[in-house]
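Right, one structure below, let's go through it.
The values are calculated or read from the model by the stated rules, or taken from the named source; none is laboratory data. Here the structure is a predicted model, which means the values were calculated and not measured. Positions of Cβ are generated from backbone atoms using ideal geometry, with glycine treated the same way; all protein chains shown enter the neighbour counts.
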């Protein structure tokens, strides 16, 4: 595998192309070309080709895939080599196709030059096509059904939100579209509660309250898990009470140490009496 520059529009196709290449072992770099500002051509900043929203969408995908991302400003080249050409041809009564000039002068020239500067071996886009070479010419052919199925599968995987289990952040817990409830745990042995909650398969989040002494914890959980949380909390409380009723290991050691010291002192006293000295 080599290094590939992925032309990312912010749409599904190029995002899936980046996803597939990343998971195939390629060293991926994402890039978006900005060709004009909507304000310069008198239209709103709503979704249009190569708009600011497209750039932000592409940047978000690159961030999720953990790949470098660049924005190349080709607005001057686009005005001169696409828009001016279109206007001249249109004024002469012709029917120009600006996309052809955009591909020829920007995607297949300026974008290629940037790919070389970044050390990339090739450029990838999100087009459904096969590239084959016949008689010294490159041909774009219709995508195979199997490849289209892989694309559709990858699209579904990208659209599915990541599922978090067990202990997690409050943000992740709230992102799962479930009503959230909470209880307060005042006992300092929060690790014991975490083990009990994990045993019951609970999804939960903790928030420490340091405004009280000793600190307490708010345990957030999904409202539909209230019965499971009740059972887990009941078991945790029973363990806590039992531990408090039983002396700690340190307490037992201190008792044994004091008892041993007292026995040693008594032996010394007896030996001293035998020698005729009273302590």
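Observations
- Residue in the stretch 177-199 that is surrounded by 14 or more Cβ atoms within 10 Å (Cβ to Cβ), modelled with pLDDT of 80 or more and more than 26 Å from residue 214 (Cα to Cα) present: no
- Members of the stretch 97-117 found to be free of Cβ contacts under 8 Å to residues at least 24 places away in the same chain and crowded, with 16+ Cβ neighbours inside 10 Å, listed by number: 98, 101
- Hits in the stretch 185-197 - residues which are outside any strand (DSSP E or B) and either within 20 Å of residue 175 (Cα to Cα) or in contact with a strand residue (DSSP E or B) (Cβ under 7 Å, 6 or more places away or on another chain) (or both): 186, 190, 193, 194, 197
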